1. Looking only at the stretch 17-30, which residues are in a helix (DSSP H, G or I) and open to solvent by less than 80 Å² (accessible area, probe 1.4 Å)?
2. Find all pairs meeting these conditions: Cβ atoms under 8 angstrom apart; at least six residues apart or on different chains; first residue within the stretch 23-46 and under 16 Å from SER60 (Cα atoms); second residue open to solvent by 50 Å² or more (accessible area, probe 1.4 Å) and of a type in the set (D, E, K, R).
3. Inside the stretch 119-141, can you point out the residues that are within 16 Å of CYS227 (Cβ to Cβ) and either part of a strand (DSSP E or B) or among the charged types (D, E, K, R) (or both)?
4. Quick one: how many residues across the stretch 392-429 are open to solvent by 50 Å² or more (accessible area, probe 1.4 Å) and either part of a helix (DSSP H, G or I) or of a type in the set (Gly, Ala, Ser) (or both)?
5. When you scan the stretch 294-302, do you find a residue that is at negative phi and open to solvent by 60 Å² or more (accessible area, probe 1.4 Å), even just one?
6. Going residue by residue through the stretch 380-391, is there one that turns out to be closer than 12 Å to CYS435 by Cβ and part of a helix (DSSP H, G or I)?
7. Report, ordered by the first and then the second residue, all pairs with beta carbons closer than 6 Å, sequence separation of six or more or different chains, a first member in the stretch 273-284 that is part of a loop (DSSP other than H, G, I, E, B), and a second member that is open to solvent by 60 Å² or more (accessible area, probe 1.4 Å) and small (Gly, Ala, Ser).
8. If we keep just the residues of the stretch 68-107 that are surrounded by fewer than 15 Cβ atoms within 10 Å (Cβ to Cβ) and among the hydroxyl-bearing types (Ser, Thr, Tyr), which is nearest to LYS283 (Cα to Cα)?
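The values are calculated or read from the model by the stated rules, or taken from the named source; none is laboratory data. Please read all numbers here as calculations on a predicted model, not as lab measurements. Counting neighbours? That spans all protein chains shown, and the Cβs are built from the backbone with ideal geometry, glycine included. The protein model used for the area step is the full one, side chains on, heavy atoms only, and it has no ligands, DNA or RNA in it. Shrake-Rupley method; radii C 1.70, N 1.55, O 1.52, S 1.80 Å.
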Amino acid sequence: MDGTFNENDISRVVEADRAHIWHHLSQHKPYETTDPRIIVEGKGMRVWDQKGKEHLDAVSGGVWTVNVGYGRERIANAVRDQLIKLNYFAGSAGSIPGSNFAEMLIDKMPGMSRVYYCNSGSEANEKGFKMVRQIAHKRYGGKKHKVLYRDRDYHGTTITALSAGGQDERNAQYGPFTEGFVRVPHCLEYRSFEQDGAPQENYGIWAADQIEKVILAEGPDTVGGLCLEPVTAGGGVITPPDGYWDRVQEICKKYDILLHIDEVVCGVGRTGTWFGYQHYGVKPDMVTMAKGVASGYAAIACLVTTEEVFNMFKDDAADPMNYFRDISTFGGCTAGPTAGIENMKIIEDENLLENTTKMGAYMYGKLEELADKHKVIGQVRGKGLFLGAELVEDHDSRAPVHEKMAQAVVGDCMQQGVIIGMTNRSLPGKNNTLCFSPALIAKKDDIDQIINAVDGALGRVFT
């Protein structure tokens, strides 16, 4: 920390926060008697709060966002220079950073060709849903309008994004929801015993076949899109089982269903490839992204499509309704793509994809060692520096620990100066997975500090 604030200033800030800020994901009653936490500075993988306490951030800004770490002057300077030159013009026209970043992005996404800019992951996913709906009206008389989504997956906070959300606690009390969104079963092999008929072998193919059963039940002529996370994030850090994605791709082609991959968490390096779907040989029709696109240095999200999808919106220029009649106000900001360019260059210049793969394997192994020591860890899951550890009462029943116990582990780590996450208001009775997503710059010493904190916390909470 550089000490540029004093205690009186921070006291005023804390009181202003207490009086006026509505924090995300927070019950505010405790703030009547305790101070809200204010994060005042960040550098590398560490942040400092208003009391000067240092924390190692193992969740990249709390929600899987700050992929290249804090304090990147290179990004900040580029954004400043661009804002002076041109800060904004609506997306009905182009911009230099918008064009340059789109070219960089498409270079990392073979088979994709068009970038639609907006300002959040929720919004990007809604754009994808709107495209499915408009295509249904243009080509199928409005009938092929349904969008399938998966149990445990999450696609955003707006009412329609929640309509495509497989996390019942996040959805609770926000209905009624948008019609035409249909849930398909999850593919968490660790809990396959909870699914009737799930086999011991070839579970991945079986899990994908359950999607086909839903399509047939709904009517293939009514289903236009399937929206999935490549690795489920807030629903428990679920990596797909073998054979799953190949079968999903076959099903989509068979029934002429657009495959929409939600890379809001996995995108731009988190799993060790530029995008999570690239581990599995998938060829999507649409890809959405947000968080790591600019590592939180500017607000930006993108919906990326194939040229085939793009062409569906220009096949009859004489029709005044035959284009994507949508706009995102802040999709015209130039700060986002400018930050995205520098963010991507940093990942390339510092070989952060390779580091993510290497350090991810190291951290996975360390978590496995913790699982051998602490029987409360039922399974370690994840890809790259996107990892989870599910906590269970015993290995035979796999009964989830009460979420208060998982919260106690998170709280203990916080007291030690290490910030980790957990599934939060996601699944009734199953908010029991610890979540880790340290920045892609993580080194062994950082990971060791995280592991040591979790080790100590588990020992104290589960005595």
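1. If the condition is that a residue be in a helix (DSSP H, G or I) and open to solvent by less than 80 Å² (accessible area, probe 1.4 Å), then ASP17, ARG18, ALA19, PRO30 are the ones that fit.
2. Note: pairs meeting the criteria are GLU41/ASP2; ARG46/GLU54.
3. GLU123, GLU126, LYS127, LYS130, ARG133
4. So the count comes out to 6.
5. The answer is yes; a qualifying residue exists.
6. No, the conditions are met nowhere in the stretch 380-391.
7. LYS283/GLY111
8. SER99
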